[in-house]
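Nothing in this text is a laboratory measurement; each read-out follows from the coordinates by a stated rule. Remember, predicted model here, so these are calculated numbers, not experimental data. So basically every Cβ, Gly included, is an ideal-geometry build from the backbone, and we count neighbours across all protein chains shown.
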Amino acid sequence: MDQLQRNHQKIILASQSPRRKQLLEWAEVDFEIKVSETDESYPPNLAVDDVAVHIARNKALAILQSGPEQHPVLAADTIVVLGDTVIGKPRDRDHAIQILTELSGQQHRVITGVVILFQGKEISFADVTKVEFHPLTRNEISFYVDKYKPYDKAGAYAIQEWIGVVGIKSVHGDFYNVMGLPVSRVVQALRQLTPSI
């Protein structure tokens, strides 16, 4: 492990997400966090599957606007899609309850768009995980929202919290993608750009 750590090149994580920070730490990737305020809107005619990459690219480019970086810049954005509808972060308690009521008993997609910029090169991709909830009662939903306050989470839930443990019926794809970063795929992409990683 010491040899692995010595070979790591530092990267810039363009995200304040504690979950993405945790996943990179678990992967033993050396990084520092830099964030710049970006507009997370997207063109209305953009295909749903391209939305997360579009937002992630804007996050990465915002870092480079402040000056060139000697390290790879990693940005990501996670969205929840039910049918063809993109579900963002809840506005308030009532909205969070509404979102989880819509997801109850249904299968939805979690899409994380990833963009890595380094020395004029870009690697970008979207990783998709299908998640299905058991039917959730109103009491379960209210309990979760009131205790965990998932207002900073797309889809109004975090898979690693109580609702994921007791409420999710199945996960098809990368579990960590639902947490906010398909970290094994990210590490493979970083190795393509910087073989020392």
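Using only Cα atoms and rounding to the nearest 10 degrees, what angle (0 to 90) does helix 183-193 make with the longest principal axis of the chain? Orientation of helix 183-193: about 20 degrees from the principal axis. For region 50-114, state which trypsin sites (Lys or Arg not before Pro) are in a DSSP loop and have at most 12 other beta carbons lying within 10 Å of their beta carbon. Counting only loop positions with at most 12 other Cβ atoms within 10 Å, the trypsin sites (Lys or Arg not before Pro) in region 50-114 are Arg91. Among His54, His134, the ranking by other beta carbons within 10 Å of each residue's beta carbon, starting with the fewest, stands as His134, His54. Taking the 0 to 90 degree range and rounding to the nearest ten, how far is the long axis of helix 48-64 tilted relative to the main principal axis of the chain, both from C-alpha atoms? On a 0 to 90 degree scale, this one is about 40.
Take every Cα pair under 8 Å whose residues are at least 6 apart in sequence, average their separation, divide by the length of region 125-179, and the relative contact order is 58 percent.
Of interest is the spacing of the C-alpha centroids, which for region 145-197 and region 37-92 amounts to 16 Å.
For GluC sites (Glu not before Pro), no site in region 51-125 is both called loop by DSSP and has at most 10 other Cβ atoms within 10 Å.
A simple rule links phi to the HN-Hα coupling: the Karplus curve 6.51 cos²θ - 1.76 cosθ + 1.60 with θ = phi - 60°, which for region 152-157 gives 9, 10, 4, x, 6, 7 Hz, with x for Gly and Pro.
Using every pair of distinct Cα positions in region 24-100, the Kirkwood expression returns a hydrodynamic radius of 14.8 angstrom. For the chain, adding -39500 (n - 2.57) for each run of n ≥ 4 DSSP H residues and dividing by the number of residues yields -11000 deg cm²/dmol at 222 nm.
When the chain is treated as a Gaussian network with alpha carbon springs shorter than 10 Å, the biggest mean-square fluctuation among Gly88, Gly120, Gly155 belongs to Gly120.
For the chain, pairs of C-alpha atoms spaced more than 25 angstrom apart make up 37 percent of the total.
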